[in-house]
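Here is the structure we will look at, set down as structure tokens.
A short reminder: the numbers here are calculations on the coordinates, not readings from a lab. Values in this document were obtained by computation on a predicted structure and should not be read as measured data. So basically every Cβ, Gly included, is an ideal-geometry build from the backbone, and we count neighbours across all protein chains shown.
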Amino acid sequence: MKPLSFQYQFFDLPLRHVFAISRYSVAVQTTVIVRIGDGECFGYGEATLNPFYGSTREKLTQSLNSLQQVVQTSELIHPETLWERLKSRVSDDNFALSAVDCAYWDFYARKNNRTLRSYWSTGAEPLPVTSFTIGIASVAEMTKKIEEQPWPLFKN
């Protein structure tokens, strides 16, 4: 098997609304997309910058660069095995670790013609309900966000 490709790119994604929580507000969310593949099949993962948790462009770049060789020389090992190899390299950067882990799981599942869910459940269980975070805002602004994006569960 040839070495896996490992690429990443940062994007500045403008948000529909300013997202505010008690620690900070953001109108444009910088996000890194990681792509792992073998030329025929690719998997994707992502992470965002988050000043509260020390996730910066510089730190993500440094961490992703340090993980590149580990991924490229891993062939088609099980994601849990790769996780152990990655974790020892960037134990202080869970954002980079998560992005690479998600990209590799996605690649691994696609390469094996399976869904990600099939690795963790039979598929017969009901899907968990996810939440939509609206952030902190005035009651009028939060009401507007809820009306714009119908969802079964909201949090702020």
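Under a straight-distance cross-link criterion of Cα-Cα below 22 Å, which lysines are reachable from Lys145, leaving out those fewer than 8 residues away in the same chain?
Lys155
Taking the Cβ of His17 as the center, what net charge do the other residues with Cβ under 9 Å away carry, scoring Lys and Arg +1 and Asp and Glu -1? Please report the intermediate quantities before stating the final value.
Working: positive: Arg16, Lys144, Lys145; negative: Glu141, Glu148.
In short, +1.
In nanometres, what is the gap between the two model label sites at Trp83 and Asp12, each 7 Å from Cα along Cα-to-Cβ?
3.5 nm
Which three semi-axes in whole Å describe the equivalent ellipsoid of the chain, each the square root of 5 times a Cα gyration tensor eigenvalue, listed largest first? Spell out each step's value before the answer.
Numbers: eigenvalues 200, 88, 34 Å².
Result for the chain: semi-axes of 32, 21, 13 Å.
Counting other Cβ atoms within 10 Å of each Cβ, which trypsin sites (Lys or Arg not before Pro) in the stretch 1-65 have at most 16 and sit in a DSSP loop? Mind dumping the intermediate values first?
Values: sites: Arg16, Arg23, Arg35, Arg57, Lys59; in loops: Arg23.
The qualifying sites are Arg23.
Under 19 Å from the 7 Å Cα→Cβ point of Lys2, by amide nitrogen: which residues of the stretch 72-110?
Only 72-77, 107-108 fall inside the zone, counting backbone N under 19 Å.
When only DSSP loop residues count, what chymotrypsin sites (Phe, Trp or Tyr not before Pro) in the stretch 47-156 have their Cβ near at most 11 other Cβ atoms within 10 Å? Before the final figure, lay out the partial values.
Details: sites: Phe52, Tyr53, Trp83, Phe95, Tyr104, Trp105, Phe107, Tyr108, Tyr119, Trp120, Phe132, Phe154; in loops: Trp120.
Passing both the DSSP loop test and the Cβ count: Trp120.
What do you get for GluC sites (Glu not before Pro) in the stretch 33-141 restricted to DSSP loop and a cutoff of at most 14 other Cβ within 10 Å of the site's Cβ? Spell out each step's value before the answer.
Numbers: sites: Glu40, Glu46, Glu58, Glu75, Glu80, Glu84, Glu141; in loops: Glu40, Glu75.
Qualifying residues, ordered by number: Glu40, Glu75.
Straight-line reach from Lys111: which lysines fall under 19 Å, measuring Cα to Cα and dropping same-chain residues less than 8 apart?
Lys2
Could you work out [θ]222 nm for the chain from helices alone, using -39500 (n - 2.57) per DSSP H run of at least four and dividing by all its residues? Round to the nearest 500 deg cm²/dmol. If you can, show how the numbers build up before the last one.
Working: 4 runs with 55 residues, N = 156.
The helix-only estimate for the chain comes to -11500 deg cm²/dmol at 222 nm.
Between the stretch 67-101 and the stretch 6-54, how many Å separate their Cα centres?
With the stretch 67-101 and the stretch 6-54 each reduced to a Cα centre, they are spaced 18 Å.
To the nearest 10 degrees, how steep is helix 94-111 against the longest Cα principal axis of the chain, on a 0 to 90 scale?
60 degrees
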